[in-house]
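Asks: The structure that follows is given in the form of structure tokens.
The values are calculated or read from the model by the stated rules, or taken from the named source; none is laboratory data. Quick caveat, the model's predicted, so the values are computed rather than measured. Using ideal geometry, Cβ is built from the backbone for each residue, glycine included, and neighbour counts are taken over all protein chains shown.
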Amino acid sequence: MPHKIGIKPLELPTRPGERPATGPEVPHQQLDQTSPAELQEELWRRMGTLEGVRTGPSGISLPETRALHLHPALARGPKEAFLIGQEFVHLHGAFDGSLHAALPADIAAQAIESGWAEHHPLVRSGKVPETLVMIYGPRDAAELETLWQLVGVSYAFARGEWV
């Protein structure tokens, strides 16, 4: 049975305010409107509870970046559901609080349109798929819930269960 996260089609609220400034190149980082440490830690705590997930360092980002790696037996999503190996989402260091995640293309477009995300800079050159987005760090408890929903979509996509 497919793992349902939220309502499909996903209903994302519009993110209030302007988009944060982000770096134009790799490493792709959020430069302002950064997430408070307690919200980052709550998101990380929740992320670590997902079944079949190993937490650890990112295989593709800065050393302080923490990532979720899906157990190989559960990693049934398409190649574009992963950042590298079985890593499907990572949380940038305390200076930032944003995430990189693989989202289904339609959900990535919806997250971008509603102000929650932007494509990774390498999408423009075709070096990474359009499923790779930066999701801006949560500024308050309501935004944390939206990010948690997007992490759930990424998880379901990686498991091959996003329908």
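Asks: Step by step: first the residues of the range 40-65, then only those that are in a helix (DSSP H, G or I) and not aromatic (Phe, Trp, Tyr), then the one that is nearest to Val89 (Cα to Cα). Which residue is that? First the steps, then the outcome.
Replies: Restricting attention to the range 40-65, the residues satisfying the condition of being in a helix (DSSP H, G or I) are 40-47.
Narrowing further to those that are not aromatic (Phe, Trp, Tyr): 40-43, 45-47.
Working: Gln40: 14, Glu41: 15, Glu42: 16, Leu43: 12, Arg45: 14, Arg46: 13, Met47: 9 Å.
Taking the candidates together, the pick is Met47.
Asks: Of all residues in the range 84-110, count the ones that are modelled with pLDDT under 95 and of a type in the set (Phe, Trp, Tyr).
Replies: The qualifying residues number 1.
Asks: Within the range 121-134, is even one residue at pLDDT 95 or above, closer than 19 Å to Arg15 by Cβ and buried (at least 16 other Cβ atoms within 10 Å of the Cβ)?
Replies: Yes; the residues of the range 121-134 include at least one that is at pLDDT 95 or above, closer than 19 Å to Arg15 by Cβ and buried (at least 16 other Cβ atoms within 10 Å of the Cβ).
Asks: Moving on. Output the residue which, of all residues in the range 135-163 that are under 19 Å from Glu42 (Cα atoms) and touching a strand residue (DSSP E or B) at 6+ places or on another chain (Cβ under 8 Å), is surrounded by the most Cβ atoms within 10 Å (Cβ to Cβ).
Replies: Our first condition is that a residue be under 19 Å from Glu42 (Cα atoms); within the range 135-163, this holds for 135-155.
In the following step, the residues that additionally are touching a strand residue (DSSP E or B) at 6+ places or on another chain (Cβ under 8 Å) were identified as 135-137, 147, 150-151, 154-155.
Working: Ile135: 25, Tyr136: 26, Gly137: 23, Leu147: 26, Leu150: 25, Val151: 23, Ser154: 32, Tyr155: 26.
The qualifying residue surrounded by the most Cβ atoms within 10 Å (Cβ to Cβ) is Ser154.
Asks: What number of residues within the range 78-116 satisfy the criterion of being of a type in the set (Lys, Arg) and under 15 Å from Gln40 (Cβ atoms)? Give the derivation first.
Replies: First, pick out the residues of the range 78-116 that are of a type in the set (Lys, Arg): 79.
Restricting the remaining residues to those that are under 15 Å from Gln40 (Cβ atoms) gives none.
Residues that pass the stated criteria total 0.
Asks: Inside the range 24-56, can you point out the residues that are over 21 Å from Val153 (Cα atoms) and touching a strand residue (DSSP E or B) at 6+ places or on another chain (Cβ under 8 Å)?
Replies: Passing the criteria: His28, Gln29, Gln30, Leu31.
Rundown of residues vs (1) without any contact (Cβ under 8 Å) to a residue 24 or more places away in the chain; (2) among the acidic types (Asp, Glu); (3) on the phi < 0 side of the Ramachandran plot, yes/no style:
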residue: Gly77; (1), (2), (3): no, no, yes
residue: His100; (1), (2), (3): no, no, yes
residue: Pro104; (1), (2), (3): no, no, yes
residue: Ala109; (1), (2), (3): yes, no, yes
residue: Pro129; (1), (2), (3): no, no, yes
residue: Leu144; (1), (2), (3): no, no, yes
residue: Gly160; (1), (2), (3): no, no, no
